[in-house]
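Structure first, commentary second.
Just so you know, all these numbers are worked out from the coordinates, no wet-lab data involved. Here the structure is a predicted model, which is why all the values come from computation and not from measurement. Note that we place each Cβ from the backbone using ideal geometry, even for glycine, and neighbour counts take in every protein chain shown.
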Amino acid sequence: MIEPLLKAIEPLVVEELARANKQFPQFHSPHEGWAIICEEVEEAKVDMGQVDLLNNSLRREVFSDNEKCADMHIKSMRKAAVELAAEAIQVAAMCDKYEFMKKE
C-alpha cells in the first residue's frame, strides 16, 4: 500500500524543485547536475546511516528491556527518518531539474 504515499510525495518533489529553481539557476552542464545530485545522495546516505545506527541501538535497548532508552532512540530515529525523507525528495527534485536541463 505504498501507492498513496508515492502520490502524496510527488507534489512535494514539484514544490522542492520550484523552491530550488527560485534559489539557484538551472544546471550549466550534465557534470554540474551530477555533482549536485551526488551531494544530495551523500546527505541522504548520512541520514540513512543515522537511522541504521539508531535502529541498532533501539534493538539493544528493546532486548535489554530498557524502555526509557528505547523511547529516546525511537524519537531520534523518527527525526532522522523524516530528514532522510526530505533528502530523498531533494534527490528526486534534482533529477527532475537535470531532465529539464536536457530539454532546454
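Checked across the stretch 83-90, the condition of being among the aliphatic types (A, V, I, L, M), touching a residue at least 12 places away in the same chain (Cβ under 8 Å) and over 29 Å from N21 (Cβ atoms) holds for no residue. For E15, the conditions (1) over 13 Å from I89 (Cα atoms); (2) free of Cβ contacts under 8 Å to residues at least 12 places away in the same chain; (3) surrounded by 11 or more Cβ atoms within 10 Å (Cβ to Cβ) all hold with the exception of (1).
Give the number of residues within the stretch 19-54 that are within 17 Å of the chain's Cα centre (by Cα) and not acidic (D, E).
17
Taken over the stretch 38-67, the residue count meeting the criterion of being farther than 30 Å from Y98 by Cα and charged (D, E, K, R) is 5. Restricting S76, S57 to those that are assigned to a helix (DSSP H, G or I), under 17 Å from the mean Cα position of the chain (by Cα), among the small types (G, A, S) and surrounded by 11 or more Cβ atoms within 10 Å (Cβ to Cβ) reduces the list to S76. Restricting attention to the stretch 29-45, the residues that are in contact (Cβ under 8 Å) with a residue 40 or more places away in the chain and closer than 30 Å to M72 by Cβ total 4.
Is it true that Q26 is surrounded by 12 or more Cβ atoms within 10 Å (Cβ to Cβ) and touching a residue at least 60 places away in the same chain (Cβ under 8 Å)? So Q26 passes the test.
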